[in-house]
Amino acid sequence: MSLSRSKQSVTPAKAMLAAVSGYAMDGFDLLILGFMLPAISLSLALEPSQAGSLVTWTLIGAVVGGILFGHLSDRFGRIRILTVTILMFSIFTGLCAVAQGYWDLLAYRTLAGMGLGGEFGIGMALIAEAWPVEKRNRASAWVGIGWQLGVLLAAFITPPLLGVIGWRGMFLVGLLPALLSFVLRRSMGEPEAFTRQVNRTPSLSFAARLKMLVQDRATAKASLGIFILTSVQNFGYYGLMIWMPSYLSANFGFSLTKSGLWTAVTVVGMTFGIWLFGVLADRFARWKIFLLYQFGAVAMVVIYAQLRDPTVMLFTGALMGMFVNGMIGGYGALISDTFPPQARATAQNVLFNLGRGVGGFGPLVIGLLAAKISFVAAITLLALIYLLDIFATLFLLPKKQGNEDSLGAIG
């Protein structure tokens, strides 16, 4: 197929803006949902399991949407499909504001999640094709920081606004980042590298693109390793970020505003960790940086679970966040280096969103363990999952990176 050249090819700066704005919207939406769960539960008379499932099914929707839109992006264009995902998210987020009960709200959240699902992987593929290969790790890390910017914005504006406009009004506020992102993307063209690749290769079926993720033993090992990494990171992230504000409120008397401050401080640590990962991975072997962060995550989660002083917990959360979520700074470049351009967005979205689907059970598992044992025990057990990351990094991940021709770097 041939792509139209009516729009000028996207520049590195515009590609970054498109990718970061979309992923920021993703983070903003998920965190305001976490803050709104008590108000939604009270308004619609939801059981705790129903409230938690709103997060889980948003993430399941993201898995389905990620897989679908990743394939469509590899076939029809990065910017074009990113714009479609924004429209889908906007429509169903708006409908959330008028939901009358659990089931229609669950349906709207799931469909909005499908729109969110395409943002990470397509944005990462866009960056890989618009930025020079020697800066791929740090550029991909900057996209990961977009999520944290969205979370910070949500942490600052949700506590004061929620009491004024209610949860329905907050869903309408959630439309604003989506509309901004849509406007930014309308005038952008596709990256030249993608256009050249599409014009010189035949269109592939979805099955053919999926097959490229397991086309030989080395590639299959890499796919499994990446899936483990994304699953562990998302499980830990959602388990901590969704339940920690409630835990701090119930056990230490944190107000909604102070819980928002804890979230903000932790996210600052995460943001620094993601930025640092990109810088280090462009200078040193990326797989060694993964190991550094994974060992740090094990240590910090165990230490954090033992803390009892609220002030210490507030600021130690930043260091824990640096290791627990900083690893996301390496996923985009890792996947872009591992898979060829004609399956790059498919690989990004399939592997990351399958991991996010597994991660969606984090809030449910942490909630169940906290109810049956204790929250401290639940968080301590969480540290064990990072041992899986260490195994995957040592024995499954490819060790090469930064290939010039962008045609994969298995080995």
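Annotations for the structure displayed:
- Only residues that are surrounded by 18 or more Cβ atoms within 10 Å (Cβ to Cβ) and more than 23 Å from Asn353 (Cβ to Cβ) were counted in the range 164-173, giving 3.
- Residue within the range 41-48 that is acidic (Asp, Glu) and open to solvent by less than 10 Å² (accessible area, probe 1.4 Å) present: no
- Flag for Met88 being free of Cβ contacts under 8 Å to residues at least 60 places away in the same chain, in contact with a Gly (Cβ under 7 Å, 6 or more places away or on another chain), assigned to a helix (DSSP H, G or I) and within 21 Å of Ser181 (Cβ to Cβ): yes
- Residue within the range 351-373 that is at pLDDT 90 or above, part of a helix (DSSP H, G or I) and closer than 30 Å to Ala208 by Cβ present: yes
- Any hit, the range 137-155, residues being open to solvent by 60 Å² or more (accessible area, probe 1.4 Å), of a type in the set (Lys, Arg) and either without any contact (Cβ under 8 Å) to a residue 60 or more places away in the chain or out of contact with any Gly (no Cβ under 6 Å at 6 or more places or on another chain) (or both): no
- Selection status of Thr93, part of a helix (DSSP H, G or I), of a type in the set (S, T, N, Q) and buried (at least 22 other Cβ atoms within 10 Å of the Cβ): yes
- Where Leu46 falls short, out of the listed (1) assigned to a helix (DSSP H, G or I); (2) over 17 Å from Ile127 (Cα atoms): (1)
- Among the residues listed as Glu129, Glu119, the single one being closer than 28 Å to Arg286 by Cβ, of a type in the set (Asp, Glu) and more than 17 Å from the chain's Cα centre (by Cα): Glu129
- Residue identified as open to solvent by 40 Å² or more (accessible area, probe 1.4 Å) and either farther than 22 Å from Gly34 by Cα or part of a helix (DSSP H, G or I) (or both) among Leu314, Leu292, Leu248: Leu292
- Applying the condition of being within 21 Å of Ser9 (Cβ to Cβ) and aliphatic (A, V, I, L, M) to the range 72-90 and asking which residue is most open to solvent (accessible area, probe 1.4 Å) yields Val84.
- Look at the range 282-308: where a residue is under 13 Å from Leu382 (Cα atoms) and a partner is of a type in the set (Asp, Glu) and assigned to a helix (DSSP H, G or I), sitting 6+ places away or on another chain with Cβ atoms under 6 Å, you get Gln294/Asp389.
- Scanning the range 269-286 for residues that are more than 15 Å from Ser140 (Cβ to Cβ), under 20 Å from the mean Cα position of the chain (by Cα) and not aliphatic (A, V, I, L, M), we see that the one that is least open to solvent (accessible area, probe 1.4 Å) is Gly269.
- Total residues in the range 226-235 satisfying the condition of being of a type outside the set (Phe, Trp, Tyr) and over 12 Å from the mean Cα position of the chain (by Cα): the figure is 4.
- Given (1) closer than 25 Å to Thr271 by Cβ; (2) open to solvent by 10 Å² or more (accessible area, probe 1.4 Å), index of the condition Phe206 fails: (1)
- Which numbered condition Ala264 misses (of (1) open to solvent by 10 Å² or more (accessible area, probe 1.4 Å); (2) touching a residue at least 60 places away in the same chain (Cβ under 8 Å); (3) farther than 26 Å from Ala392 by Cα; (4) small (Gly, Ala, Ser)): (1)
- The lone criterion from (1) within 21 Å of Arg209 (Cβ to Cβ); (2) surrounded by 21 or more Cβ atoms within 10 Å (Cβ to Cβ); (3) within 17 Å of the chain's Cα centre (by Cα) left unmet by Ile60 is number (1).
- Residue count, the range 383-411 (criterion: at pLDDT 60 or above and open to solvent by 50 Å² or more (accessible area, probe 1.4 Å)): 9
- The residue that is nearest to Leu72 (Cα to Cα), counting only those in the range 96-128 that are open to solvent by less than 30 Å² (accessible area, probe 1.4 Å) and out of contact with any Gly (no Cβ under 9 Å at 6 or more places or on another chain), is Leu126.
- Screening the candidates Leu161, Leu176, Leu184 for the property of being open to solvent by 20 Å² or more (accessible area, probe 1.4 Å), under 29 Å from Met327 (Cα atoms) and either touching a His at 6+ places or on another chain (Cβ under 9 Å) or free of Cβ contacts under 8 Å to residues at least 40 places away in the same chain (or both) yields one hit, Leu176.
- Of all the numbered requirements in (1) modelled with pLDDT under 75; (2) in a helix (DSSP H, G or I), Ser203 misses one, and that requirement is (2).
The values are calculated or read from the model by the stated rules, or taken from the named source; none is laboratory data. Note that this is a predicted model, so its numbers are computed, not measured. Note that we place each Cβ from the backbone using ideal geometry, even for glycine, and neighbour counts take in every protein chain shown. Each accessible area value is taken on the protein alone, full model and side chains, heavy atoms only, with ligands, DNA and RNA left out. Shrake-Rupley method; radii C 1.70, N 1.55, O 1.52, S 1.80 Å.
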